[in-house]
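Novice: One structure, as structure tokens, below. Some questions next.
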Amino acid sequence: TFTVELARSALTLTIPAGKSILEVMREAGVDAPSSCEQGACGTCLTTVIEGVPDHQDVYLNETERRSNTCMMTCVSRAKSERLVLDI
Ligand code: FES
């Protein structure tokens with residue numbers, strides 16, 4: 001379980017084990033684009049403002065992964081207790 005703050009939506013969401021950030025955002029009524037939902041297409045690419053993502057996708061390259069500045073919300077999770085996303 002970790003917390004995701006959506007900076008532009010002014011929402012704080014709790015992401016439980018077994019649910020993606022994308023799923024929880026949708027349940028909260030956030031209109032977040034997606035396509036493959038398997039971490040491959042790049043549609044759900046999101047800017048990370050704070051926190052450390054736990055990358056589970058096959059889309060980002062190593063430099064992007066290490067930068068902690070972007071993530072795929074359909075599959076990736078958090079290494080930190082909290083992420084702040086530019087949504
Ligand atoms: Fe395709 Fe997330 S929806 S990478």
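Novice: Quick check, is C44 within 14 Å of the ligand (Cβ to nearest atom), over 15 Å from V84 (Cα atoms) and of a type outside the set (V, I, T)?
Specialist: When the stated conditions are applied, C44 passes them.
Novice: Taking V75, is it β-branched (V, I, T) and in a strand (DSSP E or B)?
Specialist: So V75 fails the test.
Novice: Also: Could you grab me the full set of residues in the stretch 1-16 that are under 16 Å from S80 (Cβ atoms), free of Cβ contacts under 8 Å to residues at least 60 places away in the same chain and in a loop (DSSP other than H, G, I, E, B)?
Specialist: T1
Novice: Moving on. The conditions are (1) of a type in the set (D, E, K, R); (2) surrounded by 17 or more Cβ atoms within 10 Å (Cβ to Cβ); (3) outside any loop (DSSP other than H, G, I, E, B), and D57 fails exactly one of them. Which is it?
Specialist: (3)
Novice: Could you check the stretch 1-38 and list, in sequence order, the residues that are basic (K, R) and closer than 19 Å to I49 by Cα?
Specialist: R8
Novice: Taking M25 as meeting all but one of (1) assigned to a loop (DSSP other than H, G, I, E, B); (2) aliphatic (A, V, I, L, M); (3) in contact (Cβ under 8 Å) with a residue 60 or more places away in the chain, write down the number of the exception.
Specialist: (1)
Novice: Being near the ligand (Cβ under 10 Å from one of its atoms), in contact with an Asp or Glu (Cβ under 6 Å, 6 or more places away or on another chain), touching a residue at least 40 places away in the same chain (Cβ under 8 Å) and small (G, A, S) is the requirement here; does S76 meet it?
Specialist: Against the criterion (near the ligand (Cβ under 10 Å from one of its atoms), in contact with an Asp or Glu (Cβ under 6 Å, 6 or more places away or on another chain), touching a residue at least 40 places away in the same chain (Cβ under 8 Å) and small (G, A, S)), S76 qualifies.
Read-outs throughout are calculated quantities, based only on the coordinates presented, and are distinct from any laboratory measurement. Keep in mind that this is a model prediction, so the values were computed, not measured. Cβ atoms come from the backbone with ideal geometry, glycine included; neighbour counts cover every protein chain shown.
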